[in-house]
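The values are calculated or read from the model by the stated rules, or taken from the named source; none is laboratory data. In this text, all values refer to a predicted model and were calculated from it rather than measured experimentally. Ideal geometry is used to build each Cβ from the backbone, glycine not excepted, and the neighbour counts take in all protein chains shown. Accessible surface areas use protein heavy atoms only, side chains included; no ligands, DNA or RNA. Shrake-Rupley method; radii C 1.70, N 1.55, O 1.52, S 1.80 Å.
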Amino acid sequence: MSDPTKSGGPEGPTALHRSDTTEVSQTNRFTTGSEPPPLPRHTGRFRTVLDSTAKHLIAFGGVAVIFSILAIFLFLVSEVLPLFQRAVATPLAQITLSNDIPVAQPMHIGLDEHREVAYLMSPGGVHFVDLLAGRPLETDTHNALRQAHVTAMAYAGAGSNRYLLGTQEGQVIPIKVGVATEFTESGERSKRPYLTIEPPLAIADSAITALAYRSGDSGSGLLALVQGGALIYARIEDEEITGIQSIPPPGPATVVTALALDTPLLNAYLGTEDGHIHHVNMETPNHPVLVGTHALPGNRAITNLAFLLGDRTLVVMTAGGGVSTWIQVRHAINPQEWVLRQIHTFATHPAPVTAFSPSKRDKGFLTGDQQGGVFVHYGTSARTLLRVPGKGPPVVALAMAPKSDGLLTYQGERSLNLYDLKNPHPEVTLPTLFGKIWYEGYNKPAYVWQSSSGSDDFEPKLSLTPLAFGTIKGTLYALLLAIPLAILAAIFTSQFMHPNLRGMIKPIIEIMAALPTVVLGFVAGLWLAPYLEEVFPASVGMLVVLPLTVLAASALWQLVPTPLRHSCRPGMEALILVPLLVAGIAACLWTNSAIEQWLFGGNFKQWLTTTFDVQYDQRNALVVGIVMGFAVIPIIYSISEEALSNVPRHLVAGSLALGATRWQTVTYLVILAASPGIFSAIMIGFGRAIGETMIVLMATGNTPIMDWSWFNGFRTLSANIAVEIPEAPHGGTLYRVLFLAALLLFLVTFAINTLAELVRQRLRKRYSHL
């Protein structure tokens, strides 16, 4: 039989060559640059329009995204910038008092909340002035004090309308003075001055030259300096003087120039001409005790002692123009004792300080000097916010408006000067936001966030440092769990797992990313936190048992006969390991009590406290790390797995063909080639964790503390915004500080993403030749 391939018939080589030539020529129509058949005209036009439309839509979407991000940034900046506006005082009016007002060196002046009516207290009585019309207001009792020879005056505290007048005859006269706001039926506003005078009370036989007076929940008390240098302490109960006590003078030649008494009536302070502060303990009224003496630098005479709102911070003013604040702190050696200590120093006046007025809303205060200058200070930040230069007579009396939006000065020559004060956020400075501040009641400067309290004299503490610390802490602990598990899982599923099993496992892990974080936070707070507290010893045991189980299973697997081991399809070994791990977990849970007894002496909480001085909080960083790590794992895993799977297979095959093992190929080739994608996955996971809100909000105690302990809670910037923003007054300081926290998150996320992209591009360029 002849070979058809050697014949010249139709089935011979000629026919075969013709057939191949035809096929090649048809193929070359598309491979040698020849044009394909032209499309119908209407189809080509439609495709052109469709391509152009898609191009413009994509461009519009990109520009819209950039514009939206820029708009968000500008909005955050616009809400934050007012925090750092400087204080401004604008003159509103200068009122010259008429001769109908017999003012003789006023000792105190005050303003109503609308800055329309002022009152002046002087030896000539109490007088009300309409600041809008510049005329006096008549009252039924404005002349009642003219017969009294007033020599001293004291008020009951910031925000109070009670005052105490001392007289030449050694009497004290309690009074109430103020301006009430009333509205008519038509809604028009009117002002009604009021003055209530109580009967005089005798406390001494000679003139009273200085007074300190406080009235509060502990009762009313006074401290008086009478002519000759004697000091008298007394209580006022039911409009009567009780418990008059004589306080020994600080020294035989000491001249007392200023007095102060706190509202609880526990501490009295004496300022002297030689620049010393004498602290007198009044816990036992019948037996006052001098507990400390403190010298001021320069030994300049103390001209005034006064308290800020709350009566915890003592303001000391001197003839040298010095202004400083002092508080009581616990004794370093004996914590049961309290000592007076200077905490802040403010800008120095160019002349002796002659007047003082505290804010009725916050820790701000005013000081005036002998050259007519007025300084605006804020106690918490230790800053002098504004200096109104003086060009006239000494400031005799000062008043800050009840809303801290104005100030009134009396500088002699029967002249009142009214200023509009714009100082909406005095408590905000860079040190108060990010530095250590010495707050009232603290023994040393500290980072503290505490935005509100039940007391009106509360000192806001708005340090963002504990919140930033908590954000970093939660993020690191979450990534500490998520990064190893996610990347190792991605390596295993992409390089070692059987494709059929990988096809089931990968979608399950990716679906985990769709779980709402509020659900995860709910589970963490209500189930995981108490359960983890119950089985914590078993959890510690798992850290040892599970790795040993994996090692033991790997060793035993090598002992399995080769035919039986080869009967298991490659990449399916994990199904054998899972039951062993479940058994290890169950064994640890079953022996939970025994592990606690063996490792922790029967009580792991007490062991932590005794050994490491650590308290175990049920909702702690460990719970957040587990649950937030669980939320971040799918993101890191999915991106890493795609990067590892997209490494060209011919590179892997070439490595294996050259004799490298599967693990060597993964370590020295696949991971390096996929490193840009893996790094991107880690950074995206980092951004996801740093902005997490609901898990942190529900699974921690939301305590803004700075502690790296696993067993303490924390508060993050995002969770703090969620907690505080519903209660923050619109446009207030807290409101804008929360927007500052949001701006910080925005900038940090932007910086991280930018840095991640730069590193990713560098890694891609470096390993693109693989």
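Go through 124, 44 for me and flag whichever is more than 30 Å from residue 304 (Cα to Cα) and open to solvent by less than 40 Å² (accessible area, probe 1.4 Å).
Values: 124 fails: more than 30 Å from residue 304 (Cα to Cα).
Every option except 44 fails the conditions.
Is there a residue being free of Cβ contacts under 8 Å to residues at least 60 places away in the same chain, part of a loop (DSSP other than H, G, I, E, B) and either on the phi > 0 side of the Ramachandran plot or open to solvent by 10 Å² or more (accessible area, probe 1.4 Å) (or both) anywhere in segment 415-425? Give the derivation first.
Taking segment 415-425 first, the residues free of Cβ contacts under 8 Å to residues at least 60 places away in the same chain are none.
The answer is no; no qualifying residue exists.
Does any residue of segment 649-658 turn out to be among the β-branched types (Val, Ile, Thr), in a helix (DSSP H, G or I), open to solvent by less than 60 Å² (accessible area, probe 1.4 Å) and at pLDDT below 90? Before you say what the answer is, go through the steps one by one.
Quick first cut of segment 649-658, residues among the β-branched types (Val, Ile, Thr) only: 652.
Subsequent filtering for residues that are in a helix (DSSP H, G or I) retains 652.
Restricting the remaining residues to those that are open to solvent by less than 60 Å² (accessible area, probe 1.4 Å) gives 652.
Still in the list and also at pLDDT below 90: 652.
Scanning segment 649-658, I find at least one residue that is among the β-branched types (Val, Ile, Thr), in a helix (DSSP H, G or I), open to solvent by less than 60 Å² (accessible area, probe 1.4 Å) and at pLDDT below 90, so the answer is yes.
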Consider residue 14 against the criteria (1) over 29 Å from residue 366 (Cα atoms); (2) surrounded by 11 or more Cβ atoms within 10 Å (Cβ to Cβ); (3) at pLDDT 90 or above; (4) of a type in the set (Val, Ile, Thr): it satisfies all of them except one. Which criterion is unmet? (3)
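State which residue is surrounded by the fewest Cβ atoms within 10 Å (Cβ to Cβ) when the search covers only segment 493-510 and only residues that are of a type in the set (A, V, I, L, M) and under 40 Å from the mean Cα position of the chain (by Cα). Steps first, please.
Step one: of segment 493-510, the residues of a type in the set (A, V, I, L, M) are 497, 501, 504-505, 508-509.
With the extra rule that they be under 40 Å from the mean Cα position of the chain (by Cα), the set shrinks to 508-509.
Numbers: 508: 9, 509: 17.
So the residue we want is 508.
What about residue 478, is it touching a residue at least 24 places away in the same chain (Cβ under 8 Å), part of a helix (DSSP H, G or I) and either in contact with a Pro (Cβ under 6 Å, 6 or more places away or on another chain) or hydroxyl-bearing (Ser, Thr, Tyr) (or both)?
Working: touching a residue at least 24 places away in the same chain (Cβ under 8 Å): yes; part of a helix (DSSP H, G or I): yes; either in contact with a Pro (Cβ under 6 Å, 6 or more places away or on another chain) or hydroxyl-bearing (Ser, Thr, Tyr) (or both): no.
Considered against the rule, which asks whether it is touching a residue at least 24 places away in the same chain (Cβ under 8 Å), part of a helix (DSSP H, G or I) and either in contact with a Pro (Cβ under 6 Å, 6 or more places away or on another chain) or hydroxyl-bearing (Ser, Thr, Tyr) (or both), residue 478 comes out as no.
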Confirm whether residue 488 is farther than 21 Å from residue 662 by Cβ, open to solvent by 20 Å² or more (accessible area, probe 1.4 Å) and of a type in the set (A, V, I, L, M, F, W, C). no
Among all residue pairs at least 6 apart or on different chains, which show Cβ distances below 9 Å where the first residue, located in segment 482-497, is on the phi < 0 side of the Ramachandran plot and the second is surrounded by fewer than 21 Cβ atoms within 10 Å (Cβ to Cβ) and polar (S, T, N, Q)? 486/638; 490/638; 490/645; 493/645; 494/645; 495/645; 495/665
Does any residue in segment 692-718 that is free of Cβ contacts under 8 Å to residues at least 24 places away in the same chain and of a type outside the set (Val, Ile, Thr) come within less than 7 Å, Cβ to Cβ, of a residue that is assigned to a loop (DSSP other than H, G, I, E, B) and open to solvent by less than 40 Å² (accessible area, probe 1.4 Å) six or more places away or on a different chain, and which pairs are these? 702/713; 702/715
So which residues in segment 673-699 are of a type in the set (S, T, N, Q) and over 18 Å from residue 480 (Cα atoms), if there are any at all? 675, 693
So, residue 387, is that one out of contact with any Ser or Thr (no Cβ under 7 Å at 6 or more places or on another chain) and surrounded by fewer than 24 Cβ atoms within 10 Å (Cβ to Cβ) or not? yes
So if I check each of 398, 386, which one is touching a Lys or Arg at 6+ places or on another chain (Cβ under 9 Å), in a strand (DSSP E or B) and at pLDDT 90 or above? 386
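Taking segment 618-646 on its own, how many of its residues are open to solvent by 60 Å² or more (accessible area, probe 1.4 Å), of a type outside the set (S, T, N, Q) and closer than 22 Å to residue 543 by Cα? Lay out the reasoning, then the answer.
Initially, segment 618-646 is screened for residues open to solvent by 60 Å² or more (accessible area, probe 1.4 Å), giving 618-619, 626, 630, 642, 646.
Checking which are of a type outside the set (S, T, N, Q) leaves us with 619, 626, 630, 642.
From what's left, closer than 22 Å to residue 543 by Cα: 619, 626, 630.
Qualifying residue count for the region: 3.
In segment 294-315, how many are surrounded by 15 or more Cβ atoms within 10 Å (Cβ to Cβ) and more than 25 Å from residue 395 (Cβ to Cβ)? Steps first, please.
Going residue by residue through segment 294-315, those that are surrounded by 15 or more Cβ atoms within 10 Å (Cβ to Cβ) are 294, 296, 300-315.
Going one step further and asking which of them are more than 25 Å from residue 395 (Cβ to Cβ), we end up with 294, 312.
Number satisfying all stated conditions: 2.
Condition first: over 33 Å from the mean Cα position of the chain (by Cα), at negative phi and either in a loop (DSSP other than H, G, I, E, B) or in contact (Cβ under 8 Å) with a residue 60 or more places away in the chain (or both). Now tell me which residues in segment 317-326 satisfy that. Break it down stepwise before answering.
Residues of segment 317-326 over 33 Å from the mean Cα position of the chain (by Cα): 318-321.
Add one more test, that the residue is at negative phi, and what stays is 318-320.
Scanning segment 317-326 gives 319, 320.
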Among the numbered criteria (1) open to solvent by 60 Å² or more (accessible area, probe 1.4 Å); (2) assigned to a helix (DSSP H, G or I), which single criterion is violated by residue 680? (1)
Scan segment 659-677 residue by residue and report those that are surrounded by fewer than 20 Cβ atoms within 10 Å (Cβ to Cβ) and outside any helix (DSSP H, G or I). 659, 660, 661
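Per-residue answers, yes or no, for (1) modelled with pLDDT under 90; (2) touching a Gly at 6+ places or on another chain (Cβ under 7 Å); (3) of a type in the set (Ser, Thr, Tyr); (4) crowded, with 19+ Cβ neighbours inside 10 Å:
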{"site": "183", "(1), (2), (3), (4)": "yes, no, no, no"}
{"site": "192", "(1), (2), (3), (4)": "yes, no, no, no"}
{"site": "197", "(1), (2), (3), (4)": "yes, no, no, no"}
{"site": "220", "(1), (2), (3), (4)": "yes, no, yes, yes"}
{"site": "227", "(1), (2), (3), (4)": "yes, no, no, no"}
{"site": "230", "(1), (2), (3), (4)": "yes, no, no, no"}
{"site": "241", "(1), (2), (3), (4)": "yes, no, no, no"}
{"site": "247", "(1), (2), (3), (4)": "yes, no, no, yes"}
Modelled with pLDDT under 50 and acidic (Asp, Glu), is that true of residue 51? no
Scan segment 217-261 for residues that are touching a residue at least 40 places away in the same chain (Cβ under 8 Å), closer than 21 Å to residue 272 by Cα and of a type in the set (Val, Ile, Thr) and jot them down. 226, 247, 256, 257
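Specify which of the listed residues (468, 513, 490) is at pLDDT 85 or above, assigned to a helix (DSSP H, G or I) and more than 15 Å from the chain's Cα centre (by Cα). Quick ask: steps written out before the conclusion?
Details: 468 fails: more than 15 Å from the chain's Cα centre (by Cα); 513 fails: at pLDDT 85 or above.
Unique residue meeting the criteria: 490.
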Among (1) at pLDDT below 90; (2) more than 30 Å from residue 403 (Cα to Cα); (3) surrounded by fewer than 18 Cβ atoms within 10 Å (Cβ to Cβ), there is one condition residue 273 misses while meeting the rest; what is its number? (1)
I'd like the residue in segment 516-555 that is over 40 Å from the mean Cα position of the chain (by Cα) and aliphatic (A, V, I, L, M) and, out of all such residues, is surrounded by the most Cβ atoms within 10 Å (Cβ to Cβ). 545
So in segment 134-148, with the set limited to residues that are open to solvent by 60 Å² or more (accessible area, probe 1.4 Å) and under 51 Å from the mean Cα position of the chain (by Cα), which one is modelled with the highest pLDDT? 135
Pick from segment 327-357, criterion under 32 Å from the mean Cα position of the chain (by Cα) and among the polar types (S, T, N, Q), ranking: farthest from residue 107 (Cα to Cα): 336
Only unsatisfied item for residue 584, checking (1) in contact with a Lys or Arg (Cβ under 8 Å, 6 or more places away or on another chain); (2) closer than 25 Å to residue 480 by Cα, is (1)
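When you check residue 91 against the structure, is it at pLDDT below 90, in contact with a Phe, Trp or Tyr (Cβ under 8 Å, 6 or more places away or on another chain) and open to solvent by less than 100 Å² (accessible area, probe 1.4 Å), yes or no? Please lay out each step first, then the result.
Working: at pLDDT below 90: no; in contact with a Phe, Trp or Tyr (Cβ under 8 Å, 6 or more places away or on another chain): yes; open to solvent by less than 100 Å² (accessible area, probe 1.4 Å): yes.
No; evaluated as a whole, the condition is false for this residue.
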